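S.K.: Below is a structure I'd like to ask you about.
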Amino acid sequence: MSYFIDSYDVAVIGAGHAGIEAALAAARLGAKTLLFTISLDNVANMPCNPSIGGTAKGHLVREIDALGGEMGKAADACFIQSRMLNRGKGPAVHSLRVQADRVKYHNHMKHICEMQENLCLKQAEVTEIRLENGKVSSIVTALGGEYKVKTAIIATGTYLKGRIYVGDVSYESGPDSTLPSKGLSDSLKSIGVKLRRFKTGTPSRVHRRSINFDVLEKQNGDEDIQPFSFETEKDGLKNIVSCYIAYTNEETHKVIRDNIHRSPMYSGKVEGVGPRYCPSIEDKIVRFADRSRHQLFIEPMGLDTDEYYLQGMSSSLPEDVQIAFLHTIKGLENVEIMRNAYAIEYDCCDPRDLRHTLEFKNIGGLFGAGQFNGTSGYEEAAAQGLIAGINAARYCKGQEGITLSRSSSYIGTLIDDLVIKGCSDPYRMMTSRSEYRLILRQDNADERLTPIGHEVGLISEERYEKFLEKQRLIREEIKRVKEKTISPCEKLNALLEERGTAPLSSGIKMSELIKRPQISYQDLAEFDEERKQLPDEVVEQVNLQIEYEGYISRQMQEVEHVRKLEEKTLPKDFDYKQIKGLSLEAQEKLNRVQPENVGQAGRISGVSPADVSVLVIWLAGQA
Amino acid sequence: MSTIAAISTPRAAGGISVIRISGENALSAAEKIFFPVSCKEKASEMKGYTCAYGKISDGENVLDDGVLTVFRAPKSYTGEDVAEISCHGGIFVTEQVLRLILSKGVRPAEAGEFTKRAFLNGKMSLTQAESVMDIISANGKAGLRFASALKEGSLFRRIKNVSDSILKLLGSLAAWVDYPEDDIPAVTDEEIFETLDLAVKDLDSLLSSYDSGRILRKGIDTVIVGKPNVGKSTLMNMLSGCERSIVTDIAGTTRDIVEESVRLGDIVLRLSDTAGIRSTEDKVENVGVRLAQKKLETSELILAVFDLGSEISAEDISVAESCKGKNAIAVLNKSDLEQKFDFSGIADNFKESVTISAENGDGAEKLSEAVKKIYDPGKIVPDAGILVNERQRSCAEKARNAFSEAVNALRGGATLDAVNILIDDGENSLLELTGERASEAVVNEVFSHFCVGK
C-alpha cells in the first residue's frame, strides 16, 4: 500500500557528498527538490578519510567551486590542517588537501541544506522508483509514502545492498553502522538498470592516548594557506592540528601473511571488485611482496574527539588480526581500536549506461551520481552530484543538459572516462588521467568554469562581476608585460647570474625574461617602474600564463586535434556489426557504448586506432 | 560493394600476367569468360583455394589459355570472393582479357583499391596496408626486402622499444606525482635524462636511415652529364640495355620530364632523359647548359662522362667543377681508343671514377661497384627496421624533437609538469607512427594513399 504525499521536481536519493551537491544545485536553479537520507545524522558523513582534496581531487574541489558548488566552501569552513601537495613539481600538479573536522563538516553541510530555499531534507529509505512511459514519475519510501517527481538522482554511495565484512563475519549494513538501503536495488533492476557489486574498505580508528607520538614523524600544515573556494578570504585561515607518519615492518607483514587465509577477499566470499588505487594493507603486502615497509598516516578525526584515523591500513581481516598487526607498528604498540577496519560491498551501476549528462540512456529523468556510478572518493562524488543536479533541474525546465569536455576540466575528464570507458573497479581521479594537465590547473579553475557556472545560473552576478574584473586585470597586465622592454642594468644582471641564467647585453621584452624558469614576474618588480599593485591571484595568473605559454599552446593544439575527431558524428542506435572492417571486440564495445562521435569511439578501450580509421573511412563512404 | 578488376602484375612483358577480380560477382563474371578444359566445374562452383586450367574466350574467339584460381570470402586478400586469371604475359593479350572481363559488369579498380578493401574487411592493419603500398611501388630487390621487413614489423619493434622505455618513465612520473605521500621513490633528473637521451639517440639513427630507405624504395635520382659526343647516350643505352626486361618508364612529377629506371644490382637508378637536354643543346647551347646545370644541382647522383680519346677541354673542366662536393662518379669512356685524356687534374672532384667502353658494353660491372660504394644497400640491415615514407619520418622526427626539447627544458630548470607534457607529446608521435594512436593525420594518409572515392 502506498499513499500520495506531495509533488516535487527533483528527488535526490542519498545525502552524501554527491547527493548534497545535486540537491543544492537543483534547488538553487529553482527546482523544487527533495533530498532523502536514511539517517539525518549521517548527512555529508566521511566514513573514510577525514580529509578533502589531494592530487587531482583538489582540482575537482576547485572546479566544483568555480561552477558554483558547495564542497570547497564547506572544506574551507571546517578544515583543521591544510597543505598544498606537489609544490616542487610544477603548478599543473599542485593539489590542495585539507584535514577536516568530520563532525563539524556534517553539521555545516546539513545546516546549509536546511537553510536552502526549495530544498526539503528528509529522513526516509526510498525503496521504489516508478515510471510512466519510460520516464520517472514517482518514488516510494519504505513506509509507503509516494512522492510525484519529474526526476530522480541516485546517489546511494555504499548503502545500496551494503554488506560489511570483517574476517569471516559479515552482515548487512551501510557505512559507519548505518542501515543499508535494501529495497531499491530490486526496483532499479525491474525498471531496467543493470547493477553490479563493487567493494571498498576503511581502516580502523584508534584512541589518541594509546598512540606514542614521540616516536612518530610529525607533519604540519602549510604556513601560507590557500583556500579551496575562489570566494574564501585568505585572512584568518589557520592550521590547528598535526598529522603523523608511521611505518609497517617485516613483523607486521608476517602477521598479515600468516592470517591471509582469514581474509574474506582471499577466501572468495566477497564478489565485489575493490579499488586498485586504494588497496587494503593485505593487498599491498601480497602484491608488493618485496617491499619491506609501507607508510601510514595518523590523522585526527576532529577537534572534539580523540579518534584518530590510520590512513593506508584499510583491512577486512578479523578483529584479532587487526589488533595483532597494529601492535607490531612502532608508536602503535599499545594502540586501542575504537572502530575496527572493515570492507564494504555494495550495488552500483555500469556508468556506460549513462549519457555525459549523467542521465540514464534508457530511462528519462533518472540520473546517477557518485559511488553508485562506480567511482571512489568524496570529491569524485561531489563533482558528479553537481552535474547531475544541474541537469536534473534543466530536465524539469525542458532545457538541454550541459556536458563538460575533457579539455575544460577534470570533471569533464572524469565523466567522459566513466561514460565512455566505463570502470572495472572503483574509479579514482588522478592527474595522469588528464591529457590536458597543463591547461587544467587548480589555479585557473575559475577561468575555465565560472562562465559556465554563471550561464547555468549557479554563479551570482556579484561573483561573476568580480571574476570578469580579475580576468580583465590579468589580460591587461599580460599585454603590458609582453610589450614592455626591460633594459639591462647591473642590478638586474646580478640577479640573473645569481639565479644561474644568462645576463642581458641588450634590452628584452619583460615576458621573455619571465619565460625563463629561474625568473618570475614578481622578481622583476623593482625593474618595472610602471607596475601597478595587483591582487595576488592576478599576479599568479600573469606569471603562470607567461611562463608556460609555449606548453599551453602545445596543449591547445592537442585540444584542436581531438575536437576534429569529435566533429565526426556517428549514427544513433547503430549496429556496428554492419561494418566488417572493425575488429570483433570493437564491434561489441561500440554497440555497447553507442558513442556520439569518432573522438569518443577512439577512447573506448578495445577500439583500436585501426578501428577508428575504419570508422572514418566508412563515414566518408556514407556521405 | 561493386566488383572490381585490374591487372595485378607490372605492365611489362613477362612470362605470366595476372588479372585479379574481387567482389560479390567476381566468380560469376569470371565464369562468363573462362571455360575450364576439363569442364567439370564452373568457376562459381569451385571451392576456395582451387584452380582450373582453361580457355579465355569472348564466346566466339579464344583470346588465350590460362589458369583460374578461386578464393572464397573471407579467405582472400581482400576478404571478398576473388578470382585470379593467370594468362600469357604480353601486354596486348592481358589488356584484351581485362577489357573482356570489364564488359561483364565489373568496373576497373582504382589505385590501391584491393588493399583498401582488405583493410576495410579487417584483413590487415594500417601499417601493414601502408607497407603493401610500398611493396607495390618498390623497385629493386633491396627495396622489396625492406618493405616486407616493415610488414613483418621490424620497424614496429624498433619503435616499440623506444616507446616502451618512455612509457615506463611516464608511469614512474605519474605515480610520483599522483601519490606524493606514498613511499614512492622520486624520479631523478638523471633517470629522465638517461631515458630521453637514449630515445633521442635511437630515433636519430632511425631518422638517418630514412634517406637510405627512400633511395632503396624509390631509386636514386641520377643525371648523366658531359660535353657533347662523349658518349652520354651510349652510356644510357648500355645501362638500360643490360637488363632490358626490367626497365620501366615512369612518368615524373612534371609531365615533360620522362625518367628511365635501370637497375644496377640491388640499386635502382632513375636516369634523367638526357636526350631531351641534348637536343636543345644543339639549337641554343646556353639553354642546354643551363638546363643540364640545374638538373645537376638537384640530382642525388651525377655520372660525369669524359672522352678518353680526346684532350681535356675547358668544358670538361667546367663539368668537373660543378661536380665538386657532390655524389659524382667520373665515367671515363672510350677505353678502347688511344688515351689522350688527362684525368689527374680533376680527379679530386669525384668520389669515384671508372673506366669503361660504353660502345662495347664494357664496364657496367665496374660502374655498379662504384655506385654501391657511395650508396651501399648492404650497410642497412633490413631487419633493423627503417622509415620508408614521409609520414613515418615526420612522426619519428616529431618524437625526437619533443624528447630533446624535454631534455633542454629540464636542463633549463623547467618544472616537471611541463617536461612531462613534452614527453607525452613525443610518446604520442611514436604511438601514431606504429598506428597505436588514431589521428586525423594517419587517416588522411590513408585517404591519400588509397584514393578513397566519394
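S.K.: How would you rank A:286-294, B:367-375, highest first, on the average number of other Cβ atoms within 10 Å across their residues?
M.R.: Packing order, densest peptide first, comes out as B:367-375, A:286-294.
S.K.: A follow-up question, please. Rank by packing, highest mean first: peptides A:564-572, B:16-24, with packing defined as the count of other Cβ atoms within 10 Å averaged across residues. It would help to have the intermediate numbers written out before the result.
M.R.: Working: A:564-572: 14.0, B:16-24: 21.7.
So the peptides A:564-572, B:16-24, ranked by packing, come out B:16-24, A:564-572.
S.K.: Same structure, new question: Of the DSSP beta bridges with both residues in the protein assembly as shown, give the percent that are antiparallel, rounding to the nearest 5.
M.R.: Numbers: 91 of 135 bridges.
The answer is about 65 percent antiparallel.
S.K.: Pairs of lysines 8 or more apart, or on different chains, with alpha carbons under 19 Å: count those in segment A:461-554, would you?
M.R.: 15
S.K.: Continuing with the same structure: Put +1 on the Cβ of each Lys and Arg and -1 on the Cβ of each Asp and Glu in segment B:4-123; which of B:I16, B:L27, B:L98 then has its Cα farthest toward the positive end of the dipole?
M.R.: B:L27
S.K.: To the nearest 20 Debye, how big is the dipole of segment A:461-554 about its Cα centre, given +1 on the beta carbon of each Lys and Arg and -1 on that of each Asp and Glu? Before the final figure, lay out the partial values.
M.R.: Values: 17 positive and 21 negative charges, 75 e Å.
I would put it at about 360 debye.
S.K.: Per residue of A:82-90, what is the mean number of Cβ atoms on other protein chains within 10 angstrom of that residue's Cβ?
M.R.: On the way: counts 0, 2, 0, 5, 7, 1, 4, 11, 9.
For this peptide, the per-residue mean of nearby foreign Cβ atoms is 4.
S.K.: Please list A:K161, A:K484, A:K580 in order of solvent-accessible area, largest first, computed with a 1.4 Å probe with all protein chains present.
M.R.: Numbers: A:K161 75, A:K484 25, A:K580 135 Å².
Descending accessible area places them as A:K580, A:K161, A:K484.
S.K.: Across peptide B:317-330, how many C-beta atoms of other chains are within 10 Å of each residue C-beta, on average?
M.R.: Details: counts 0, 0, 0, 0, 0, 0, 0, 0, 0, 0, 0, 0, 0, 0.
Per residue, the average neighbour count from other chains is 0.
S.K.: Please report the accessible area of A:F527 (heavy atoms, 1.4 Å probe, ligands and nucleic acids excluded) in Å², nearest 10.
M.R.: Number for this one is 30 Å².
S.K.: While we're on this one: Leaving out ligands and nucleic acids, and using a 1.4 Å probe, what accessible area per residue does segment A:567-622 come to in Å²? Each step should come with its number before you reach the end.
M.R.: Details: 2460 Å² over 56 residues.
That works out to 44 Å² per residue.
S.K.: Which FRET efficiency value, to the nearest 0.05, do you get for A:I508 and A:D536 by plugging their Cβ-Cβ distance into 1/(1 + (r/R0)^6) with R0 = 22 Å? Numbers along the way, then the final one.
M.R.: Working: r = 26 Å, r/R0 = 1.18.
About 0.25, to the nearest 0.05.
S.K.: Any idea of B:E321's accessible area? Nearest 10 Å², probe 1.4 Å.
M.R.: We get 100 Å² for B:E321.
S.K.: So how long is each side of the protein assembly as shown along the principal axes, counting just the alpha-carbon atoms, biggest first, in Å?
M.R.: 114, 91, 61
S.K.: Taking both sides together, what accessible area is buried at the B/A interface, probe 1.4 Å, expressed in Å² and rounded to the nearest 100? All intermediate terms of the calculation are to be shown ahead of the outcome.
M.R.: On the way: alone 22840 and 26270 Å², together 45320 Å².
Counting both chains, the buried surface is close to 3800 Å².
S.K.: Once both labels are modelled 7 Å past Cα along the beta-carbon direction, what's the B:H88-A:L468 spacing in nm?
M.R.: With each label placed 7 Å out from Cα toward Cβ, I get 8.8 nm.
S.K.: In this model, which of B:K160/B:K398; A:K110/A:K194; B:K232/B:K372; A:K194/A:K577 are farther than 27 Å apart at the alpha-carbon?
M.R.: Working: B:K160/B:K398 16 Å; A:K110/A:K194 31 Å; B:K232/B:K372 21 Å; A:K194/A:K577 23 Å.
With Cα atoms farther than 27 Å apart: A:K110/A:K194.
S.K.: Follow-up. Mind checking which aspartates and glutamates have their C-alpha under 12 Å from A:K238, skipping anything on the same chain fewer than 8 residues away?
M.R.: Qualifying aspartates and glutamates at Cα under 12 Å: A:D76, A:D222, A:E223, A:D224.
S.K.: Right, here's the next one. Under 17 Å from the Cα of A:K199, which lysines turn up, not counting those fewer than eight places away in the same chain?
M.R.: A:K161, A:K182, A:K269, A:K284
S.K.: What aspartates and glutamates sit close enough to A:K32 to cross-link, taking a C-alpha to C-alpha distance under 12 Å and skipping anything fewer than 8 places away on the same chain?
M.R.: Hits, sequence-local ones excluded: A:D6, A:D9, A:E117.
S.K.: Which helices of chain A meet both criteria: a Cα extent of 24 Å or more along the helical axis and a mean Kyte-Doolittle score no lower than -1.0, with helices taken as whole DSSP H segments? Write down the numbers at each step before the final one.
M.R.: Details: long enough: A:378-396 (27 Å, 0.22); A:461-483 (33 Å, -1.71); A:549-566 (25 Å, -1.17).
In chain A, the long hydrophobic H runs are A:378-396.
S.K.: If you don't mind, another one. So what's the gap between the Cα centers of segment A:390-416 and segment A:476-519, to the nearest angstrom?
M.R.: Measuring centre to centre over Cα atoms gives 43 Å.
S.K.: Okay, next question. Treating only the Cβ atoms of Lys and Arg (+1) and Asp and Glu (-1) as charged, compute the dipole magnitude of chain A about its Cα centre; round to the nearest 20 debye. Don't skip to the end; give the middle numbers.
M.R.: Numbers: 80 positive and 89 negative charges, 315 e Å.
About 1520 debye.
S.K.: How many Cβ atoms of partner chains, on average, are near each residue of A:92-103 if near means within 10 Å of its Cβ? Mind dumping the intermediate values first?
M.R.: Working: counts 7, 10, 1, 3, 0, 2, 0, 0, 0, 0, 0, 0.
Per residue, the average neighbour count from other chains is 2.
S.K.: Please list the non-local residues whose amide H lies under 5 Å from the amide H of A:K330, H modeled 1.01 Å from N, same-chain partners needing a gap of 5 or more.
M.R.: For A:K330, the qualifying residues are A:Y247.
S.K.: Another one. Using a 1.4 angstrom probe on the protein heavy atoms only, could you order B:Y49, A:Y165 from most to least accessible area?
M.R.: Values: B:Y49 150, A:Y165 15 Å².
Final ranking, largest accessible area leading: B:Y49, A:Y165.
S.K.: Let me spell out the model: positive unit charges on the Cβ of Lys and Arg, negative unit charges on the Cβ of Asp and Glu, origin at the Cα centre of the protein assembly as shown. What dipole size does that give, in debye rounded to 20? Intermediate results must be reported in sequence, preceding the final value.
M.R.: On the way: 133 positive and 159 negative charges, 531 e Å.
Charge dipole of the protein assembly as shown: 2560 debye, to the nearest 20.
S.K.: Just name one of A:S190, B:S394, A:V607: the one whose Cα is farthest towards the positive end of the charge dipole of the protein assembly as shown (beta-carbon charges, Lys/Arg +1, Asp/Glu -1).
M.R.: The one lying farthest along the dipole's positive direction is A:S190.
S.K.: Moving to a separate point now. Can you pull the accessible area of B:M238 for me, 1.4 Å probe, Å² to the nearest 10?
M.R.: 20
S.K.: Still on this structure, I have one more. Report the net charge of residues surrounding A:V193, where surrounding means a beta-carbon distance below 10 angstrom and charges are Lys +1, Arg +1, Asp -1, Glu -1.
M.R.: Working: positive: A:K189, A:K194; negative: A:D347, A:D350, A:D353.
Charge balance in the 10 Å sphere: -1.
S.K.: State the answer as a single residue: which of A:I514, A:V539, A:F527 lies farthest towards the positive end of the charge dipole of segment A:461-554, with beta carbon charges of +1 for Lys and Arg and -1 for Asp and Glu, about the Cα centre.
M.R.: Result: A:I514.
S.K.: Work out Dmax and Rg for segment A:394-537 from the C-alpha atoms and quote the Rg first, both in angstrom.
M.R.: 21.2, 67
The values are calculated or read from the model by the stated rules, or taken from the named source; none is laboratory data. What you see is a predicted model; the values in this text were computed from it and never measured. Heads up, the Cβs are rebuilt from the backbone with ideal geometry, glycines too, and the neighbour counts pull from every protein chain shown. These accessible areas exclude ligands, DNA and RNA; they are computed on the full protein's heavy atoms, side chains included. Shrake-Rupley method; radii C 1.70, N 1.55, O 1.52, S 1.80 Å.
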